[in-house]
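Read-outs: derived from the displayed coordinates by stated rules, not from any lab. Just so it is clear, the structure is predicted and the values come from calculations on it, not from any experiment. Note that we place each Cβ from the backbone using ideal geometry, even for glycine, and neighbour counts take in every protein chain shown.
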Ligand SMILES: [Fe+2]
């Protein structure tokens, strides 16, 4: 499996606190069946303004230490960029790091606040040839309340990445239910660990892989744990698949209301 979102590099943010912890995380990931990880320290204005040079230097050091430990894990540079005005300029000037320096950019938002300029930023990004990947929207209060927002992003070419631990219920029952619902509606393109250490957001994906197998079958699990992330780290283009709308549009009719109800109970 390939993990495109991880805070495994030490000393950059609230992720690993030492090289020892990074290597322990890498060891757990390898034992779990993860073969490649994109290391995505936060880039957040005012708190984690990490530099490209520091991340790239740390990747070189990490590769060296992994070799010395005999751990067969590929690691790639990246960042998890907290959306701000000016993000497109900073991508174009290469201040920010996309996922393995490809066209794919990992974005995050504040959990309680939908930036009014987000649609403009998405438009600007896609116009410039970037493909935004929205990190863990299942954990944002406003998408839980208004899931149509998430569909509107997908309509604009955004890919959706959920956190493995969300499927397990680590962030509560509502987030778990929403995550499963997104999966069933084919609104999840990637599942990643967002690992910060060895606690609740740890570097494991296998349990989530099993859950996706049970929900959607193994072909689909292979697609979102292998095929899509492999194309992303290689910078290859992806053909987006159709999703099943979360709510029927004709809800006002009696039949529409019934469909919407059945859709909530059993989305497929
Ligand atoms: Fe993260």
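With (1) crowded, with 19+ Cβ neighbours inside 10 Å; (2) over 17 Å from residue 190 (Cα atoms); (3) in contact with a helix residue (DSSP H, G or I) (Cβ under 7 Å, 6 or more places away or on another chain) as the list, and residue 178 as the residue in question, which single condition is left unmet?
(2)
Identify, from the list 26, 58, 16, the residue that is crowded, with 18+ Cβ neighbours inside 10 Å and under 17 Å from residue 99 (Cβ atoms).
Only one candidate qualifies: 58.
Identify all residues within region 123-136 that are in contact (Cβ under 8 Å) with a residue 40 or more places away in the chain and either under 14 Å from the mean Cα position of the chain (by Cα) or in a helix (DSSP H, G or I) (or both); write none if there are none. Steps first, please.
Kept after step one, since they are in contact (Cβ under 8 Å) with a residue 40 or more places away in the chain, are these residues of region 123-136: 128, 130-131, 133, 135-136.
Result: 131, 133, 135, 136.
Between 53, 20, which is closer than 30 Å to residue 84 by Cα and out of contact with any helix residue (DSSP H, G or I) (no Cβ under 9 Å at 6 or more places or on another chain)?
Just a single option satisfies the conditions, and that option is 53.
How many residues does region 191-219 hold that are crowded, with 16+ Cβ neighbours inside 10 Å and away from the ligand (no atom under 16 Å from the Cβ)? First the steps, then the outcome.
At the first step, the residues of region 191-219 found to be crowded, with 16+ Cβ neighbours inside 10 Å are 191-197, 201-205, 208-209, 211-212, 216.
Going one step further and asking which of them are away from the ligand (no atom under 16 Å from the Cβ), we end up with 209, 211-212, 216.
Number of matching residues: 4.
Could you grab the pairs with beta carbons closer than 8 Å, sequence gap of 6+ or different chains, first residue in region 152-174 and without any contact (Cβ under 8 Å) to a residue 24 or more places away in the chain, second one buried (at least 21 other Cβ atoms within 10 Å of the Cβ) and assigned to a helix (DSSP H, G or I)?
Partner pairs satisfying both residue conditions: 169/175.
When you check residue 89 against the structure, is it loosely packed, with under 13 Cβ neighbours inside 10 Å, more than 16 Å from the ligand (Cβ to nearest atom) and assigned to a helix (DSSP H, G or I), yes or no?
When the stated conditions are applied, residue 89 passes them.
Take the residues in region 137-155 that are more than 16 Å from residue 243 (Cα to Cα) and part of a loop (DSSP other than H, G, I, E, B), then tell me which one is nearest to the ligand (Cβ to nearest atom).
Looking at the filtered set, the residue picked out is 140.
Only one of (1) more than 13 Å from the ligand (Cβ to nearest atom); (2) at negative phi; (3) in contact with a strand residue (DSSP E or B) (Cβ under 6 Å, 6 or more places away or on another chain) is not met by residue 31, so which one is it?
(3)
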